[in-house]
Each structure stands twice: as C-alpha cells, then as structure tokens.
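What follows is one structure encoded as structure tokens, with my remarks underneath.
Derivation of every value follows stated rules applied to the coordinates shown; laboratory data play no part. Here the structure is a predicted model, which means the values were calculated and not measured. Glycine also receives a Cβ, built like all others from the backbone with ideal geometry; neighbour counts cover every protein chain displayed.
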Amino acid sequence: DAGITQSPRHKVTETGTPVTLRCHQTENHRYMYWYRQDPGHGLRLIHYSYGVKDTDKGEVSDGYSVSRSKTEDFLLTLESATSSQTSVYFCAIRPAGEGYEQYFGPGTRLTVT
Amino acid sequence: AQSVTQLGSHVSVSEGALVLLRCNYSSSVPPYLFWYVQYPNQGLQLLLKYTSAATLVKGINGFEAEFKKSETSFHLTKPSAHMSDAAEYFCAVTGNTGTASKLTFGTGTRLQVTL
C-alpha cells in the first residue's frame, strides 16, 4: 500500500462545468503523476509534479491543469469538462532512489454528460 | 523517445496452462521495464521490474519476465495459470532517468482463464 487516496472515486458532471480531482499521499514522495485510462489507449500521462509548485505537462495535457501547493496533495482540474474527458483517472507516486517504478491510487471514474 | 507494443489485446488460456504475454519496447537509452496488473475496478499493481541487474526477473504471484535486448522484448510468463490471474496486464518503459522518469504504457492485454 503506497498510501495514496483519490477523491472523489466516482463523479458525474455536465459538459462545461469545472471539476477538480484530488490525489493525496501520506509518505512525502516528491514525484506525483496524473494519468487517464481509456480502452485501447492504456494509460496516458496528463501532468506530473517533481515538487511543491513544480509541475509539467504530459502527452495529453490539453484541457487540464494541475496544482501542488503541499507535498501530499496533487490536484487535477478540468476547467470546462467535455465528453471526451470521460475517463478513469489515476494518480501515481514514484519513490525517490528506487528503480523508477510508480505506485498507483485506486482511480476516479469521471463521466461527463 | 520510448514506446511499448503489446501484441494481443486479449489472450485466453486454460487453467493450468502456460501464460505468455508479449511486450516489445523501443527506447533510445537503456530501458527500465515494468509489468503491472489491473484487476476490475482497481488501480494498477506492480508485478515486476527490470532495472538492468538481471535479465530474468521474478515477480509476485509466480510471474516472471525475461529482458532480451537483441529482440527488444520483455515478455511476461507464468508456468501454470490460475483463475485468479484473470485481469488486464500492462507493460511499461522508462528510458528517462532524469527529472521525472515518465512511464510509457502499452495498450494492455486482457487475460482470460478458462476451466
């Protein structure tokens, strides 16, 4: 158990509304990641963070923003949700000094209607 | 640049039979390779990892994988399938050992185990 929680676990929202997903970790890991999972695409990186206030874009960052004001929390925001953002969102952490593997949270299932 | 190809989006085996899930990678630098398993409605769980220490890597639940540089492959095997192995399996690679070590995932292989 990597001590990662995600909230909410399920959410249904309407097109055009803002949505924020939260990832919380308890072990002070420096590196955190947001992915989306879609059938036929595997997991694709949205944004990642390498420290408080240090974030960067992944391969599918359009329409998403992130913030990290505390080590333990990494927030993913959809400024104006679209149906194409219906997906399962996973947060991950990478412990420093190990073999570069990542550990994943339980996921958030987001449906945009 | 790095990429992963998983051959076969669905694999079906009988209980007790050999499991072979295929993964080929591309990386411009020496790779670190991983296999993850995902059970329904759960997150991804690390099965095993290759980090250049040994080419044959043993993981949890009786799985193992062999790194073959000449074939750019990292296939996952298990000698005898069990019903509980039914899940989706993802191969991932990172060749970036810099700031963030971003993982690139394959599209996944769903393993079905039949009686």
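For the range B:9-65 and the range A:19-36, what is the centre-to-centre distance using only Cα atoms, to the nearest Å?
Computed from Cα coordinates, the inter-centre distance equals 24 Å.
Pairs of lysines 8 or more apart, or on different chains, with alpha carbons under 25 Å: count those in the protein assembly as shown, would you?
20
Using just the C-alpha positions of chain A as equal point scatterers, what log10 of I(q)/I(0) does the Debye formula give at each q in 0.19 1/Å?
For the requested q values the scattering log ratios are -0.94.
When A:HIS41, B:HIS75 are ordered from fewest to most other Cβ atoms inside 10 Å of their Cβ, what list results?
A:HIS41, B:HIS75
Under a Cβ-only charge scheme (Lys and Arg +1, Asp and Glu -1), can you give me the dipole magnitude of the protein assembly as shown about the Cα centre, in debye to the nearest 20?
Dipole magnitude for the protein assembly as shown comes out near 120 debye.
Across peptide B:25-36, how many C-beta atoms of other chains are within 10 Å of each residue C-beta, on average?
For peptide B:25-36, the averaged partner shielding equals 1.
On average, how many beta carbons from a partner chain sit within 10 Å of the beta carbon of a residue in B:102-109?
Taking the mean over all residues of the peptide, I get 6.
If you filter the range A:31-113 for chymotrypsin sites (Phe, Trp or Tyr not before Pro), then keep DSSP loop positions with at most 14 other Cβ within 10 Å, what is left?
Filter output for the range A:31-113: empty list.
Cut-off is 10 Å between beta-carbons; in what order do A:ASP73, B:ASP85 appear when sorted fewest neighbours first?
A:ASP73, B:ASP85
How charged is the neighbourhood of A:PRO8? Take every other residue with its Cβ under 14 Å from the Cβ of A:PRO8, and add Lys/Arg as +1 and Asp/Glu as -1.
Charge balance in the 14 Å sphere: +4.
Modelled label-to-label distance, A:GLU14 and B:SER26, 7 Å Cα→beta-carbon offset: nm?
Distance between label points: 4.5 nm.
Residue by residue through A:43-51, how many Cβ atoms from other chains fall within 10 Å of the Cβ on average?
Average neighbour count from other chains, rounded to a whole number: 3.
With contacts defined as alpha carbon pairs under 8 Å and 6 or more residues apart, what's the relative contact order of chain B in percent?
37
Restrict the search to the range B:1-105; then list the GluC sites (Glu not before Pro) that DSSP places in a loop and that have at most 14 other Cβ atoms within 10 Å of their Cβ.
Counting only loop positions with at most 14 other Cβ atoms within 10 Å, the GluC sites (Glu not before Pro) in the range B:1-105 are B:GLU15, B:GLU71.
List the extent of the Cα atoms of chain B along each of their three principal axes, largest first, rounded to whole Å.
45, 29, 22
Which loop-located GluC sites (Glu not before Pro) does the range A:32-113 contain, where loop means any DSSP state but H, G, I, E or B and the Cβ has at most 14 other Cβ atoms within 10 Å?
A:GLU59, A:GLU79, A:GLU98
What distance in nm separates the two pseudo spin-label positions at B:ARG110 and A:GLU27, each 7 Å out from Cα along the beta-carbon direction?
That separation, rounded to one decimal, is 3.1 nm.
Quick one: order B:ARG110, A:ARG36 by neighbouring beta-carbon count within 10 Å, fewest to most.
B:ARG110, A:ARG36
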